[in-house]
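Below: one structure in structure tokens.
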Amino acid sequence: MAVQDNSGFATRREPPTVALMGPVPNLPAEPDDDLDSYVGLDAGTAEERARARGWSTVRTLPPGAIITMEYLRGRIDFEVDEGTVKRCWRG
């Protein structure tokens, strides 16, 4: 309910009702992994190693690929050139 105060502006007596967000999910921890250990490996070996170490998603990209900047927990990204991992990053 709005009322006018001495300034002439309408003010609220009660705070507005705000819809609450859902609970934050209990996300699993990401693997504690040395990302540099993948550089120089062939793409197939790197993917097998990443999955064995607990990465849920492995993405292989060519050099210069245009990708979104979204972060996906549990994903490891490989930049692969001529079958060899050149760079690696989380998410």
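Those residues that are in contact with a Phe, Trp or Tyr (Cβ under 7 Å, 6 or more places away or on another chain), under 17 Å from residue 74 (Cβ atoms) and assigned to a helix (DSSP H, G or I), I need them from region 29-48; list them, please.
Passing the criteria: 35, 38, 46.
Right, next: Within region 62-91, work out how many residues are of a type in the set (Phe, Trp, Tyr) and touching a Phe, Trp or Tyr at 6+ places or on another chain (Cβ under 8 Å).
1
Could you check, for region 68-84, whether at least one of its residues is of a type outside the set (D, E, K, R), in a strand (DSSP E or B) and over 14 Å from residue 34 (Cα atoms)?
Within region 68-84, one or more residues are of a type outside the set (D, E, K, R), in a strand (DSSP E or B) and over 14 Å from residue 34 (Cα atoms).
Could you grab me the full set of residues in region 9-38 that are at pLDDT 65 or above and open to solvent by less than 70 Å² (accessible area, probe 1.4 Å)?
Once the filter is applied, which keeps residues that are at pLDDT 65 or above and open to solvent by less than 70 Å² (accessible area, probe 1.4 Å), region 9-38 yields 22, 30, 31, 33, 35, 37, 38.
A further question on this structure: How many of the residues making up region 50-67 are without any contact (Cβ under 8 Å) to a residue 12 or more places away in the chain and in a helix (DSSP H, G or I)?
2
The values are calculated or read from the model by the stated rules, or taken from the named source; none is laboratory data. Everything numeric in this text was worked out from a predicted model, so none of it was measured. Cβ: placed from backbone, ideal geometry, glycine included. Neighbour counts: every protein chain shown. Please note that ligands, DNA and RNA were not included when accessible areas were found on the heavy atoms of the full protein model with its side chains. Shrake-Rupley method; radii C 1.70, N 1.55, O 1.52, S 1.80 Å.
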